[in-house]
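A.B. asks: Below is the structure I would like to discuss, written out as structure tokens.
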Amino acid sequence: MKYKELAQKSKEELQKILAENKKKIQDVRFKEAVGSVKNTKEIRDKKKENARILTYLNNTK
């Protein structure tokens, strides 16, 4: 998700996306530990998206 797209969403929507991303990261980590995950890049992408969301939220206070 790009920074411009974040500006179009409400604060509640962004917090919901943030929570979903955290859950996805946790799920992928568990799958990675078991060995059933092929795409580990997903963790990095979700962490970057979370950072963008948090940066946007902190700048709009």
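A.B. asks: Can you pull out the residues in region 12-61 that are crowded, with 16+ Cβ neighbours inside 10 Å and among the aromatic types (Phe, Trp, Tyr)?
C.D. replies: Tyr56
A.B. asks: Here is a follow-up. Pick from Glu20, Glu49, Glu13, Glu5: which is of a type in the set (Asp, Glu) and in contact (Cβ under 8 Å) with a residue 24 or more places away in the chain?
C.D. replies: Result: Glu49 is the single residue among Glu20, Glu49, Glu13, Glu5 that is of a type in the set (Asp, Glu) and in contact (Cβ under 8 Å) with a residue 24 or more places away in the chain.
A.B. asks: Quick one: what pairs do we get from region 33-45, first residue at negative phi, second surrounded by 10 or more Cβ atoms within 10 Å (Cβ to Cβ) and modelled with pLDDT of 85 or more, C-beta under 7 Å, 6+ apart or different chains?
C.D. replies: Here the result reads Val37/Val28; Val37/Lys31; Thr40/Glu32; Glu42/Val28; Ile43/Ile25; Ile43/Val28; Ile43/Arg29, each pair linking region 33-45 to a residue that is surrounded by 10 or more Cβ atoms within 10 Å (Cβ to Cβ) and modelled with pLDDT of 85 or more.
Residue-wise test of (1) closer than 24 Å to Ser10 by Cα; (2) in contact with a Lys or Arg (Cβ under 7 Å, 6 or more places away or on another chain).
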site	(1), (2)
Ile25	yes, yes
Phe30	no, no
Gly35	no, no
Lys38	no, no
Glu49	yes, no
Leu54	yes, no
Lys61	yes, no
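A.B. asks: Still on this structure, please answer the following. Of all residues in region 11-61 being assigned to a helix (DSSP H, G or I) and of a type in the set (S, T, N, Q), which is farthest from the chain's Cα centre (by Cα)?
C.D. replies: Ranking the candidates gives Asn59 first.
The values are calculated or read from the model by the stated rules, or taken from the named source; none is laboratory data. None of these values were measured; they are calculated from a predicted model. Reconstructed Cβ throughout: ideal geometry from the backbone, glycine too, with neighbour counts over all protein chains shown.
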